[in-house]
Amino acid sequence: MATAATTLWALGTVKTYLGLTDASDDTLVEQTADYISDLLERVTSRQYVTRTLTEERDGNGAKDIGLHQWPIVAITSIKIKRTITDTTPEMIASTDYTMHKPTGRIRLHNTIFTVGFANCEFVYSAGEGTQDNAALTRSIYHAGLELVKSVYDEKKTGVIAASAVSLGSNTFNVRPEIAKQIRMAVDANKRIGV
């Protein structure tokens, strides 16, 4: 058993964090880690573990464009359809552009990204490294482990950490918000615009 290749943590890392030594809960731990890692990527609009992506973008009539994921590790290809009827897009040579890896920006040297709908295709790899890599954003890495622990504990015990609030003769159970430190880590890493 193992967590998905795109999950922030290897199964052994999560088990150590949870204080588990046997394999009896491996499936639950694996599913929870995969779920939380995917959730963090969706909420922040970022992919932390490096992977290869194919992204279509609308041409903007400018020399530069931002890709949805960063940091860029490598670009495999850039293709631009110059007209609506293009069946063979123009392949941009690697010598004809510059990339700013940390921000995911691409700048063409001698041409523009022709205005169009989904007429620019980028095949590239982006991310911060492999599972458990020291280059992964530490705040997300650790906040995610705390979320995994919270969800795992809740599933194992069947108890939701909640408090009771009384209002007159009525009592209400209130589920607490995500810890402030976790929320801050997630909010600080959200991708805003491209």
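Divide the volume of the convex hull around the Cα atoms of the chain by the residue count and you get 165 Å³ per residue.
Going 7 Å from the Cα of K190 along its beta-carbon direction, which residues of the range 111-144 have the amide nitrogen within less than 16 Å of the resulting point? Output list for this probe position: 140. With 5 Å bins beginning at zero, the pair-distance distribution over Cα atoms of the range 80-157 amounts to 3, 11, 15, 14, 12, 8, 9, 9, 8, 6, 4, 1, 0 %. Axis angle, to the nearest 10 degrees, between helix 138-157 and the longest C-alpha principal axis of the chain: 40 degrees. When D26, D153, D58 are compared by accessible area at a 1.4 angstrom probe, the order from most to least is D58, D153, D26.
Once the 1.4 Å probe is applied to the protein heavy atoms, the chain comes out at 57 Å² accessible per residue. The number of Lys pairs in the range 15-172 with C-alpha atoms less than 20 Å apart, excluding pairs fewer than 8 positions apart on the same chain, is 7.
In this label model, V43 and D86 are separated by 3.9 nm, measuring between points 7 Å along each Cα→Cβ vector.
Whole-Hz Karplus values for the range 43-53 come out as 5, 8, 6, 9, 10, 8, 7, 4, 8, 8, 10 Hz, taken residue by residue from phi with 6.51 cos²θ - 1.76 cosθ + 1.60 and θ = phi - 60°; glycine and proline positions read x. Extension gain, T76-D64: 0.36 nm per intervening residue step, less the Cα-Cα distance, totals 2.6 nm.
With the simple spin-label model, which puts each label point 7 Å out from Cα in the Cβ direction, the L28 to R183 separation comes to 2.8 nm.
For the chain, the relative contact order comes to 26 percent (Cα pairs under 8 Å, sequence separation of at least 6). In this simple spin-label model, placing a label point 7 Å from the Cα along the Cα-to-Cβ direction at both T21 and T54 gives a separation of 4.9 nm. Here the sum of -39500 (n - 2.57) over DSSP H runs of 4 or more residues, divided by the residues of the chain, equals -9500 deg cm²/dmol at 222 nm, to the nearest 500. Longest stretch of the chain clear of exposed loop sites (trypsin sites (Lys or Arg not before Pro), DSSP loop, at most 16 other Cβ atoms within 10 Å, sites excluded): 83-189.
The values are calculated or read from the model by the stated rules, or taken from the named source; none is laboratory data. Keep in mind the model is a prediction, meaning the values are calculated, not measured. Positions of Cβ are backbone-derived with ideal geometry, glycine not excepted, and every protein chain shown enters the neighbour counts. The protein model used for the area step is the full one, side chains on, heavy atoms only, and it has no ligands, DNA or RNA in it. Shrake-Rupley method; radii C 1.70, N 1.55, O 1.52, S 1.80 Å.
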